[in-house]
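Worksheet: one structure, shown below.
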Amino acid sequence: MSEEKIPKPVRAHHLIALALLLAFAAQCGWFIYSVPLTQVEAEQVLRGVARWQLHPATEAAQPPLTPLVAAAGVAVLARHGQATDLFWLDRHRWLIRAPFLLAGLCLGLSLYYVARRLYGGAGGFVALGLFAFCPGMVARSALAGGQIFASWGAFGIIFTAIATAHTLYAPREVILWNWKRIGLLAVAITFAVGSSWPLVWLLLPAAGFMLWAVPHRRIAAMVILAAGAVLASVALAVCELGNLAAFNAGAAHAFSMGSSAQLPRAQVLGRMIFFFFADAAPGALLLSGVVLAAWCAWRRVRFFGNTAPLMVFVLLVAMGLFFPESGASTVLFASVPFLLLFVGGVMADLIESRWQAPALAVVFAVMAAQAAYSVSGLMRVFSKNF
């Protein structure tokens, strides 16, 4: 007689994480309700409708994923030129923006899952708490733009690659056993590169982390990464409707970005970084000084789980600042989840140390301040539009 499976109980940390994600969703919904569809979003929808109606792309270097996702909900409804009417599109803005809201929720869930696996409950709650009231994440998840998919895809490339590499410690068939993870890796690459061509460069740190994680099965790791990249290339070619010229132009745009690198002055770099993250992730920016000082001074926090997101964060910031013609804002925004993860990891170590009381006080104060700032900003947006 077979034993019945006993369902796992819902624990307090599950409820807290759910509450934070619901708070994030509520803010996004408030933003969608308050802000009419913009002209930039309408142009994305127009390009997407043309693609769904099997018309070739007119802008070869334009990433193909965002228009397709933006128009997915209205492509069937748009008839007799309705898609060109901004008023008609605005009536369907919930339908247009819903996929981006879903991507934002999935990014928050992914961030919490990775942080909890790496740092325990404290790290997961710090990372998700900062994410849930992050003004940049709320805005990008409530608008039809490629930044949230690029951010989710970039995060997925790195940590799916790391997780897949660790499965190679089991002596199993490389491709057959890992086909699910290869598929997830391909989806992550498609989301990232399909939203911003330069994010293809994240395959380099992904490969480096995989080679470091499994030095005894490096060929197997590279086979898995290559398989995911090939599947993603096929998916991107499908997004381009088989237009190989457009696909090749986009790939060339990504791989040639280093030819015109311009190094701004240090003062300009500092201002750009500060104002971008002050707008996108003010809580993480406030805590960044504390966690960087702790990472430099305290050997305990300089382990792989903390250092890997810091390395990717620095790489993406450098790409965004030095190559502005390649979509700097999207690349910079893709670095935000790695900053949140790094902050969550270091703060988790501080919370578990003899500095627990001041660390908790600082974390709760910053989270409360960011939550008040985010909600007050939404109130200003609502009063401005109504």
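Each of 46, 225, 15 was scored by other Cβ atoms within 10 Å of its Cβ. Arranged with the fewest first, they read 15, 46, 225. Compared with the alpha-carbon gap, the fully stretched path from residue 90 to residue 212 is longer by 39.0 nm at 0.36 nm per residue. Taking other Cβ atoms within 10 Å as a rough exposure proxy, 92, 13, 166 sort from fewest to most as 166, 13, 92.
Ranked for footprinting exposure by Cβ neighbours inside 10 Å, fewest first, 155, 31 give 31, 155. With the simple model of a label 7 Å out from the Cα in the direction of the Cβ, residue 300 to residue 180 spans 3.5 nm.
Values in this text are rule-based calculations from the coordinates and carry no lab data. Quick caveat: nothing in here was measured; it's all calculated off a predicted structure. All Cβ positions, glycine included, derive from the backbone under ideal geometry; neighbour counts span all protein chains shown.
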